[in-house]
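One structure below.
The values are calculated or read from the model by the stated rules, or taken from the named source; none is laboratory data. For clarity, every value in this text was computed on a predicted model and none was experimentally measured. Using ideal geometry, Cβ is built from the backbone for each residue, glycine included, and neighbour counts are taken over all protein chains shown. Please note that ligands, DNA and RNA were not included when accessible areas were found on the heavy atoms of the full protein model with its side chains. Shrake-Rupley method; radii C 1.70, N 1.55, O 1.52, S 1.80 Å.
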Amino acid sequence: MVLRYVRTHAPCSRADIAASTGLNKATVSSLVADLLERRLLRETGMAENRIGRPAAMLTLESRPYAAIGLEVATDHLAVVAVDLTGERLLTWRRAYPGLDGTPGRAEAAVAALAGRVVAKMAAQDRRVLGLTVGVPGQVGADGGVRFAPHLGRPDLELHAALERGLRRPDYEVVVDSAANLAALAEHRAGADADTPDLVTLVGDAGVSAGIITGGRLLRGGRGSAGQVGHLQVDCDGPLCRCGRTGCLEAVAGLPALVRRALPDTEDDGPVTDYAPELERIVALAKAGDTRVTEVLADTGRLLGRGVSTLAELLDPQVVVLGGTFATLAPWLLPAVEAEVKSRAAAPGDLGFRVTVSTLHPDAAAVGGAMLALDRLEAGRLPVPVE
């Protein structure tokens, strides 16, 4: 509670913390002393513009810790490290053969990159508080990725590979849904930070949602809440890999969007790296290419149907478009908003806003790092630093 208060109100005094949290002054003093010893807080000087004696002001200590988040996407890996204040220490992006990977290759690539960033933090004399990996798939209780078709494998023993590769580290290693982590990032560090009810809709090879409700991440009974890619938005739409027609993934997932906007893209064989195709779509849209802009407008309309359904079910204050939806937002967003407005129960009063991620393209990696900081604020404190 004290850490959370200081994070959101720094610089602040012990008296400020006691008055705002309801903790008595003696308890606050004891907790602050402990957090200072662990080098999670530091004193920044004295505040004199108050009645009575000057008070020592507190803020988060930017050293000696780091939190790490890593995202596994269909064609790249992204990693972000932050300090206790949320300031970035590094941002890396690496190519990744996710769509044509062989058994063990995916796990090895992720573990190797994680090892390099941990070594980088050690070289800066920083202790790692936690490492979280976000994946576009369903994650089991053991940290294994049980369903990740867009990574070219039915399952990935990712947590076990990370534990081996990092030599059983003393910090927590977590594997989670990339959409969950993107939502956590938006909640803690995005343009709509601290909004208690927020949905992040992430476009990639598939489509998924991260859901914040009442200020907490909604995971569901099996941890698979937010798997909205097979929500039907067009009864007469294209066939989806699940066997149904018109699923959100089949009309708005990146492979489907590329096939519609760039029908010649597979003339030389299946696409394994979608970044150049996405760049081509953006360039053509900026140039006013009729086919591409019509495909994007139609995609936005169908995406708007999905947003409307999510809004009716979850009653969020904000729906944030992330992933490829953020990249294509200049052409998608007008159609999304128009469709949402046309489906509103009370015309002119949606009750929520549709916005675009300001953290893209690293939102899931940022969220992974933020998860370690969340766990810190939940009381999982490191031992005092000598």
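Among the residues of the range 310-328, not a single one is in contact (Cβ under 8 Å) with a residue 40 or more places away in the chain, over 20 Å from the mean Cα position of the chain (by Cα) and on the phi < 0 side of the Ramachandran plot. Pairing residues of the range 187-200 that are touching a residue at least 24 places away in the same chain (Cβ under 8 Å) with residues that are open to solvent by 30 Å² or more (accessible area, probe 1.4 Å) and in a strand (DSSP E or B), at Cβ distances under 9 Å and at least 6 apart in sequence or on separate chains, gives His187/Leu217; Ala191/Val356; Asp192/Arg353; Pro196/Thr213; Pro196/Arg216; Asp197/Thr213; Leu198/Thr213; Val199/Thr213.
Asp289 fulfils the conditions (1) closer than 24 Å to Gly215 by Cα; (2) free of Cβ contacts under 8 Å to residues at least 12 places away in the same chain; (3) surrounded by 15 or more Cβ atoms within 10 Å (Cβ to Cβ) except for a single criterion, (1).
Among the residues making up the range 336-383, a single one is within 18 Å of Pro64 (Cα to Cα), charged (D, E, K, R) and not in a helix (DSSP H, G or I): Arg380. Filtering the range 259-277 for residues that are buried (at least 17 other Cβ atoms within 10 Å of the Cβ) and closer than 14 Å to Leu332 by Cα leaves a non-empty set.
Listed conditions (1) in contact with a Leu (Cβ under 8 Å, 6 or more places away or on another chain); (2) modelled with pLDDT of 95 or more; (3) buried (at least 19 other Cβ atoms within 10 Å of the Cβ) are all met by Val282, apart from (3).
Of everything in the range 181-207 that is over 13 Å from Val356 (Cα atoms), of a type outside the set (A, V, I, L, M) and over 11 Å from the mean Cα position of the chain (by Cα), the residue that is surrounded by the most Cβ atoms within 10 Å (Cβ to Cβ) is Gly206. All conditions in (1) in a strand (DSSP E or B); (2) out of contact with any strand residue (DSSP E or B) (no Cβ under 9 Å at 6 or more places or on another chain) hold for Arg188, with the sole exception of (1). Of the residues screened, Gly210 is one that is in a strand (DSSP E or B), open to solvent by less than 40 Å² (accessible area, probe 1.4 Å) and either farther than 21 Å from Tyr96 by Cα or at pLDDT below 90 (or both). Exactly one residue out of Ala73, Ala67, Ala95, Ala56 is small (Gly, Ala, Ser), open to solvent by less than 50 Å² (accessible area, probe 1.4 Å), modelled with pLDDT under 95 and touching a strand residue (DSSP E or B) at 6+ places or on another chain (Cβ under 7 Å), and it is Ala56.
In summary, Ser224 fulfils each of the numbered conditions (1) over 14 Å from Leu314 (Cβ atoms); (2) without any contact (Cβ under 8 Å) to a residue 60 or more places away in the chain; (3) surrounded by fewer than 24 Cβ atoms within 10 Å (Cβ to Cβ) with the single exception of condition (2). Scanning the range 337-363 for residues that are farther than 23 Å from Leu296 by Cβ and touching a residue at least 60 places away in the same chain (Cβ under 8 Å) turns up just one, Asp362. State yes or no: is Gly165 open to solvent by 40 Å² or more (accessible area, probe 1.4 Å) and either modelled with pLDDT of 85 or more or within 20 Å of the chain's Cα centre (by Cα) (or both)? Considered against the rule, which asks whether it is open to solvent by 40 Å² or more (accessible area, probe 1.4 Å) and either modelled with pLDDT of 85 or more or within 20 Å of the chain's Cα centre (by Cα) (or both), Gly165 comes out as yes.
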